[in-house]
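Engineer: My structure is below; once you've seen it, I'll send some questions.
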Amino acid sequence: MENEIISAKKFKKLKMKYKDNLIENILAPGITIVGGKPRVGKTNLALQIASSLSTKNAQFLNKKCLYTKVIYFSFDTKKEEIQKRLNLIPLETENLYLLHKHKEEEFTFSDLETEIKIQNLQRKKSQEMLIVVDMMQNVKYERKYDINNYQDTYDMIKKYYYLGKKYDCNFILVHHVNKSSSSNDVFDSLNGSIGLRGAAENMLLITENNNNFELHIDSRYFNGSTISLKKDENGFFELNDEETIIVTDDKDLIELIKFVARADERFIEDTATNICVKANLKYTIPRQLFLKLENNEELLHQNNILFSKRRSNGKNLIKIELNEEESEDTTDEN
């Protein structure tokens, strides 16, 4: 039956199990790569996610979490430090289990499967299970995979996919990024070939600029987004006071919203050509800018962005502004 070709009419009537997101609009089921530069906070982010999911009725960055059994494999951080950090997270973590190995100790993919098999037998029926591997490169395989080779990278991630299917579990694989990337796509900075992105269902990438942090989210199952973050006194992430959540795959819209939010007067009024240059829009033809704004009016309003156009001195001007009054009302409500 699995390899049988059937009609779409029959296929649509098949009974299938649909899984909920582990974290609303942030973490979908399947394989997730968490990436970032060294010391940007990848482990803290992974611990926050693990703690939130393993605590009943908890939230992560104000998003609803699905109560989950979480198994955290720690290879890159001393166990004393892991304990210290967990004690700084004010959550019960009653369904979180840890296995610590020094990064010099060998831990094979076969070892990983053995531990997952044991935990799978001990979990409650129908409960979701998440496996966190921090860091991915500490797991040894039956053969050497070249992370820069597309097929090798794809095959390596697929091993986790088949393990997830076998034991009905999800994975977070913590990974490094390259020191720099000339690409406009932040996810291209992940260490290795694009096979990494091709095989994984979800990507979470932390970037930092002058102590301002952003969590970039890419998934096969919902629109990508970028969340503005800051670190608290313990080095954990929380929403920025002037948080902007932009749910779109359009990189120019993301840049435009950020540009207006950063502007001293919180607006820009100029010709379409000048706006495209000032906001560093790389994929938008100036004559199509206002049409793009109109087609994304609801998204812009969600981010408190208003726009209009007028003619002055023989020029067509577009005004894009942050609705400060609406932003303040939203902040007060929270």
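Engineer: Just to verify a number: FRET efficiency for GLU80 and GLU233, C-beta to C-beta distance, R0 = 30 Å, to 0.05?
Structural biologist: So the FRET efficiency works out to roughly 0.90.
Engineer: Using Cα Rg over 2.2 N^0.38 Å as the read-out, say which of (i) 1.01; (ii) 0.96; (iii) 1.11 was calculated from these coordinates.
Structural biologist: (iii)
Engineer: Please state the shape class of segment 25-97: rounded when a/c is under 1.5, otherwise prolate if a/b exceeds b/c and oblate if not, all from the C-alpha gyration tensor.
Structural biologist: Here segment 25-97 falls in the oblate category.
Engineer: Let me ask something additional. Not counting ligands, DNA or RNA, and with a 1.4 Å probe, what is MET136's accessible surface area in Å² rounded to the nearest 10?
Structural biologist: We get 10 Å² for MET136.
Engineer: Pop out the carbon and sulfur fraction of the accessible area of the chain as a percent, whole number, probe 1.4 Å.
Structural biologist: Whole-percent figure for carbon plus sulfur exposure: 44.
Engineer: Here's a follow-up. Leaving ligands, DNA and RNA out of it, rank ARG311, ARG197, ARG220, ARG39 by accessible area with a 1.4 Å probe, largest first.
Structural biologist: Reading off the accessible areas and sorting them downward yields ARG39, ARG311, ARG220, ARG197.
Engineer: Further question: What does the net charge come to around ILE116 if you take all other residues with beta carbon closer than 13 Å to its beta carbon, with K and R at +1 and D and E at -1?
Structural biologist: The answer is +2.
Engineer: Find out how many positive minus negative residues lie around MET129, taking Lys and Arg as positive, Asp and Glu as negative, among other residues whose Cβ is under 10 Å from that of MET129.
Structural biologist: Result for the neighbourhood of MET129: +1.
Engineer: Evaluate the relative contact order of segment 102-231 (contact order divided by residue number), counting alpha-carbon pairs under 8 angstrom at least 6 apart; express in whole percent.
Structural biologist: 19
Engineer: Rounded, prolate or oblate for segment 106-150? Axes are the square roots of the Cα gyration tensor eigenvalues, ordered a ≥ b ≥ c, and the cut-off for rounded is a/c under 1.5.
Structural biologist: Prolate shape, in that a/c is at least 1.5 and a/b is the bigger ratio.
Engineer: Leaving ligands, DNA and RNA out of it, rank SER110, SER193 by accessible area with a 1.4 Å probe, largest first.
Structural biologist: SER110, SER193
Engineer: Which residue, GLY224, GLY164, GLY235, tops the fluctuation ranking in a GNM of the chain built on C-alpha contacts under 10 Å?
Structural biologist: Result for the chain, Cα springs under 10 Å: GLY235 fluctuates most.
Engineer: With all protein chains present and a 1.4 Å probe, how do TYR283, TYR97, TYR18 order by accessible area, largest first?
Structural biologist: TYR18, TYR283, TYR97
Engineer: List, in the order given, every pair from LYS166/LYS231; LYS251/LYS319; LYS117/LYS231; LYS13/LYS125; LYS78/LYS158; LYS63/LYS258 whose Cα-Cα distance in the structure shown is over 31 Å.
Structural biologist: Exceeds cut-off: LYS166/LYS231; LYS117/LYS231.
Engineer: Taking a probe of 1.4 Å, how large is the accessible area per residue of segment 157-232, in Å²?
Structural biologist: 43
Engineer: Round to a whole angstrom and tell me the spacing of the C-alpha centers of segment 55-122 and segment 200-273.
Structural biologist: 28
Engineer: Further question: Tally Lys and Arg at +1 and Asp and Glu at -1 over the other residues with C-beta under 12 Å from the C-beta of LYS101: what net charge comes out?
Structural biologist: -3
Engineer: According to the square roots a ≥ b ≥ c of the eigenvalues of the Cα gyration tensor, what is the shape class of segment 1-156, taking rounded for a/c under 1.5, prolate for a/b larger than b/c otherwise, and oblate for the remainder?
Structural biologist: It is oblate, given that a/c is not under 1.5 and a/b is not larger than b/c.
The values are calculated or read from the model by the stated rules, or taken from the named source; none is laboratory data. Treat the numbers as computed from the prediction; the structure is a model and nothing was measured. All Cβ positions, glycine included, derive from the backbone under ideal geometry; neighbour counts span all protein chains shown. Ligands, DNA and RNA are stripped out before the accessible areas are found, and what is left, the full protein with its side chains, is counted by its heavy atoms. Shrake-Rupley method; radii C 1.70, N 1.55, O 1.52, S 1.80 Å.
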